[in-house]
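**Student:** Pasting a structure here, questions to come.
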Amino acid sequence: MPWKGEKDAYRIWLSEIILQQTRVGQGLDYYNRFITHYPSIADLAAAPDDAVMKLWEGLGYYSRCRNLMATARYIVAHHNGQFPDNYEDIISLKGVGPYTAAAIASFGFNRPHAVVDGNVYRVLSRVFGIDTPTDSTEGKKQFAELAQQLLDPKIPGEYNQAIMDFGATVCKPQSPLCGNCIFHDICVARKQNLIDQLPVKTKKLSIRARYFNYFLIQKGGKMLIRQRREKDIWQDLYEFPLLESDAVAIGKKPAAFLEKELGMRKNSFQITQTSSCFIRQLTHQTIKAVFFHVQLDETATVPHLGFSWVSQDELKKLAFPRLLRDYLEREVGIKSK
DNA sequence: AAACCGGGGTG
DNA sequence: CACCCAGGTTT
């Protein structure tokens, strides 16, 4: 991992933001691409939104990318391009919470702040036999205090790295290596046979189904797109004209949508192709999508506010949700790279 | 305190 | 399928 032992706060920050709720194997390529494109925080701050979001495309949790841009620009504007070197200033940055602030402060500036991530929750809950839910306010406070108490303030960076590595390689979520564990004889969870019960989480997420009907409208080699500006999934990413419905089958609504919502003239278009249902499982939503290919005739008039026509080359430079990027590549033959 | 925010890997 | 991932922000 290129960020291990890294002392450049910009690189530490970038790697930590990328790794939020993201596995190392998934984030590694993204990290390398960002460092290549934007070697310094000033480079990142100067980059256009669309270019940065394109580099983030497919990684998910896109607010991380928006906060990344905002923070880079803030540091250039207000900290002379120098990353703040203390916990309080660091945690005040957008997109930086307790974990990330402790990681940057300890790795980059040798400050004595203990990290508490999923690994730490797991190790501490098992070794000490703590069943307070880690997703409760009380649990967060309790584990943070314990972690801070255990931290070796002389070597905070090494300590933080060690406990997270230990959680990732020995005290794993499933099938932990208790036989080789240095805490074998003192681990409360192991002694009481509670390894599979700890850590405790209370909140069970509910997954809702959503039905997206996308319209692929092409004309003269260009496609009609829009940017998602609402506070919803995929904010600031691009998509095609969309009709969301309550169920998979939307009957005769496609034509009505094109006329009413897009202002297209009746009988000036044809739906030439309807895809099968594509399913994308997100953490808290199941997206079921159908794609309608629309053929326009000579008299067709197309909207309008909020939409724009883009060529394939322009489209490739914009960030689309994975679902749409996959459909473009598999069914339309447009490859992103 | 609870809801919301992606995508992928693993067993 | 359930669970988890070097979490954070908004309501």
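Values in this text are rule-based calculations from the coordinates and carry no lab data. Remember, it's a predicted structure, so these values are computed and weren't measured experimentally. Reconstructed Cβ throughout: ideal geometry from the backbone, glycine too, with neighbour counts over all protein chains shown.
**Student:** Please state the equivalent ellipsoid semi-axes for the range A:208-332: what are the square roots of 5 times the Cα gyration tensor eigenvalues, largest first, in whole Å?
**Tutor:** Those come to 22, 18, 14 Å.
**Student:** Here's something else I'd like to know. Sequence gap at least 6, Cα distance under 8 Å: using those rules, report the relative contact order of the range A:38-155 to the nearest whole percent. If you can, show how the numbers build up before the last one.
**Tutor:** Numbers: 106 pairs, mean separation 20.4, N = 118.
About 17 percent, as a whole number.
**Student:** So, one more: Take the residue pairs A:LYS201/A:LYS231; A:LYS219/A:LYS316; A:LYS222/A:LYS317 and return only those whose Cα atoms are more than 19 Å apart.
**Tutor:** Values: A:LYS201/A:LYS231 27 Å; A:LYS219/A:LYS316 17 Å; A:LYS222/A:LYS317 14 Å.
Listed pairs above 19 Å: A:LYS201/A:LYS231.
**Student:** Number of Lys-Lys pairs in the range A:9-197 under 21 Å by Cα, sequence gap 8 or more or different chains?
**Tutor:** 4
**Student:** Sort the following peptides by mean Cβ neighbour count (other Cβ atoms within 10 Å, averaged over residues), highest first: A:321-331, A:257-267.
**Tutor:** Going by the mean number of other Cβ atoms within 10 Å, highest first, we get A:321-331, A:257-267.
**Student:** Mind putting a number on the dipole of chain A about its Cα centre? Charges go on the C-beta only, +1 for Lys and Arg and -1 for Asp and Glu, and I need it in Debye to the nearest 20.
**Tutor:** Taking the Cα centre of chain A as origin, the dipole is about 780 debye.
**Student:** What ranking, highest mean first, results for peptides A:4-13, A:63-72 when packing means the other Cβ atoms within 10 Å averaged over each residue?
**Tutor:** A:63-72, A:4-13
**Student:** Quote the relative contact order of chain A in percent (integer), defining contacts as alpha-carbon pairs under 8 Å separated by 6+ residues.
**Tutor:** Relative contact order comes out at 15 percent.
**Student:** How large is the charge dipole for the range A:1-132, taken about the Cα centre, if only the Cβ atoms of Lys, Arg (+1) and Asp, Glu (-1) carry charge, to the nearest 20 debye?
**Tutor:** Approximately 220 debye in magnitude.
**Student:** Quick check: pseudo-label points 7 Å beyond the Cα along Cα→Cβ at A:GLU244 and A:ARG73, how many nm apart are they?
**Tutor:** 2.7 nm
**Student:** Below 18 Å, Cα to Cα, which aspartates and glutamates can A:LYS203 reach? Residues fewer than 8 away in the same chain don't count.
**Tutor:** A:ASP117, A:ASP131, A:ASP135, A:GLU138
**Student:** Scattering from the C-alpha atoms of chain A alone, worked out with Debye: what is log10 I(q)/I(0) at q = 0.10 1/Å?
**Tutor:** For chain A, the Cα-only Debye profile gives -0.74.
**Student:** Specify which residue in the list A:GLN227, A:ALA249, A:ALA209 is farthest towards the positive end of the charge dipole of the range A:208-332, using unit charges on the beta carbon of Lys, Arg (+1) and Asp, Glu (-1), about the Cα centre.
**Tutor:** Of the listed residues, the answer is A:ALA209.
**Student:** Enumerate the amide H contacts of A:CYS187 below 5 Å, restricted to partners 5 or more residues apart or on another chain; note that Pro and chain-start residues carry no placed amide H.
**Tutor:** HN-HN under 5 Å from A:CYS187: empty list.
**Student:** May I ask you to order A:98-110, A:80-92 by the average number of other C-beta atoms within 10 Å around their residues, highest value first?
**Tutor:** A:98-110, A:80-92
**Student:** Explain nothing, just compute: Karplus ³J(HN,Hα) = 6.51 cos²θ - 1.76 cosθ + 1.60, θ = phi - 60°, for every residue of the range A:150-155 in order, whole Hz, x for Gly and Pro.
**Tutor:** For the range A:150-155, the Karplus-derived couplings read 7, 4, 8, x, 6, 9 Hz, x marking Gly and Pro.
**Student:** In straight Cα distance, which aspartates and glutamates are under 14 Å from A:LYS7, not counting same-chain residues fewer than 8 positions off?
**Tutor:** Of all the aspartates and glutamates, those that pass the test against A:LYS7 - Cα under 14 Å, at least 8 places apart if same chain - are A:GLU16, A:ASP85, A:GLU158.
**Student:** Also, quick follow-up: Please report the spacing between the Cα centers of the range A:105-148 and the range A:1-66 in Å, no decimals.
**Tutor:** So the two Cα centres are separated by 25 Å.
**Student:** Can you list the residues, at least 5 places off or on another chain, whose amide H is less than 5 Å from the amide H of A:ILE271, using H built in the peptide plane?
**Tutor:** A:GLN295
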